[in-house]
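To start, the structure under review is shown below, and the notes come after it.
The values are calculated or read from the model by the stated rules, or taken from the named source; none is laboratory data. As the structure is a prediction and not an experimental result, all values here were calculated from the model. FYI the Cβ positions are ideal-geometry reconstructions off the backbone, even for glycines, and counts take in every protein chain you see.
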Amino acid sequence: GIQVEQSPPDLILQEGANSTLRCNFSDSVNNLQWFHQNPWGQLINLFYIPSGTKQNGRLSATTVATERYSLLYISSSQTTDSGVYFCAVASNYQLIWGAGTKLIIKP
Amino acid sequence: EAQVTQNPRYLITVTGKKLTVTCSQNMNHEYMSWYRQDPGLGLRQIYYSMNVEVTDKGDVPEGYKVSRKEKRNFPLILESPSPNQTSLYFCASSLSGGGTYGYTFGSGTRLTVV
């Protein structure tokens, strides 16, 4: 089955810093999503990005499907960006999840 | 506002006492599913539904039941909860489950079975 790997597993940054999170997937897929799980446990859909680049405020994402990876960029980090960032791909009517990147933004 | 609504957010119950976690979406999505999240095991699918009256097992269906009598609702039923069902549960919906569209998740239900 499809394997989804994320890096780095942990990231600690000062407020205001920029970061890049990576997601690699093992098979060709035409769908990829990024989620943020906040410290209260809520899962928030950030991007549905099967290919190309999207931006939403300080966050942007790029997926290069032919090379089987996606990147999530966070600029000018704020403490509210803390939490776990997951990427996931849909296969056989379910989402296959990466293990997540735990991001801690220090004030 | 387009959303998936789960209730309750938090629940503490005793072993064997039947409970239902409700899930409702207002986006006219055909596909709905339930996941549980456990430390070290990630998110695992319990059941999913492709449309009204169409449900199928995910990876961890044991101990759970679901029904899809209306398009908007997809309740998760624990007939006889056990402590190993203590977990964080999420309901999700999508226009279709094949990945052509994104998934929207509810806010989660943190269940503790004592």
*Taking segment B:75-102 as the search range and keeping residues that are closer than 17 Å to B:Met50 by Cβ and under 13 Å from the mean Cα position of the chain (by Cα), which one is farthest from the other protein chains (Cβ to nearest Cβ)?*
B:Pro75
_Is it the case, given these coordinates, that B:Arg72 is among the basic types (Lys, Arg), farther than 16 Å from A:Ala88 by Cα and at the interface with chain A (Cβ under 10 Å from one of its Cβ atoms)?_
no
_Selection count, segment B:1-55, where residues are of a type outside the set (Val, Ile, Thr), in contact (Cβ under 8 Å) with a residue 40 or more places away in the chain and under 27 Å from A:Val89 (Cβ atoms)_ = 22
_I need the full set of residues from segment A:7-26 which are in contact (Cβ under 8 Å) with a residue 60 or more places away in the chain and closer than 22 Å to A:Tyr93 by Cβ, in order please._
A:Cys23, A:Phe25
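Just to be sure, is B:Thr5 more than 22 Å from A:Ala99 (Cα to Cα), assigned to a strand (DSSP E or B), touching a Leu at 6+ places or on another chain (Cβ under 9 Å) and β-branched (Val, Ile, Thr)?
Working: more than 22 Å from A:Ala99 (Cα to Cα): yes; assigned to a strand (DSSP E or B): yes; touching a Leu at 6+ places or on another chain (Cβ under 9 Å): no; β-branched (Val, Ile, Thr): yes.
No, not satisfied.
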_Could you check segment B:40-69 and list, in sequence order, the residues that are of a type in the set (D, E, K, R), part of a strand (DSSP E or B) and within 11 Å of chain A (Cβ to nearest Cβ)?_
B:Arg44, B:Asp56, B:Lys57
*Considering each residue of segment A:43-64, count those that are surrounded by fewer than 17 Cβ atoms within 10 Å (Cβ to Cβ) and not in a strand (DSSP E or B), and give that number.*
3
_Unmet requirement for B:Cys91, which otherwise passes all of (1) under 19 Å from A:Gly41 (Cα atoms); (2) in contact with a helix residue (DSSP H, G or I) (Cβ under 7 Å, 6 or more places away or on another chain)_ = (2)
*With respect to A:Tyr93, is the statement that it is surrounded by 17 or more Cβ atoms within 10 Å (Cβ to Cβ) and modelled with pLDDT under 95 true?*
yes
*Which of the residues belonging to segment A:14-45 are within 13 Å of A:Thr101 (Cα to Cα) and touching a Lys or Arg at 6+ places or on another chain (Cβ under 8 Å)?*
A:Asn24
*Which members of segment A:78-105 meet the condition of being more than 15 Å from A:Asn24 (Cα to Cα) and part of a loop (DSSP other than H, G, I, E, B)?*
A:Gln78, A:Ser82, A:Asn92, A:Tyr93
*asked:* Return the residues of segment B:62-72 that are under 19 Å from B:Leu111 (Cβ atoms) and either crowded, with 17+ Cβ neighbours inside 10 Å or without any contact (Cβ under 8 Å) to a residue 12 or more places away in the chain (or both); say none if nothing qualifies.
replied: B:Glu62, B:Tyr64, B:Val66
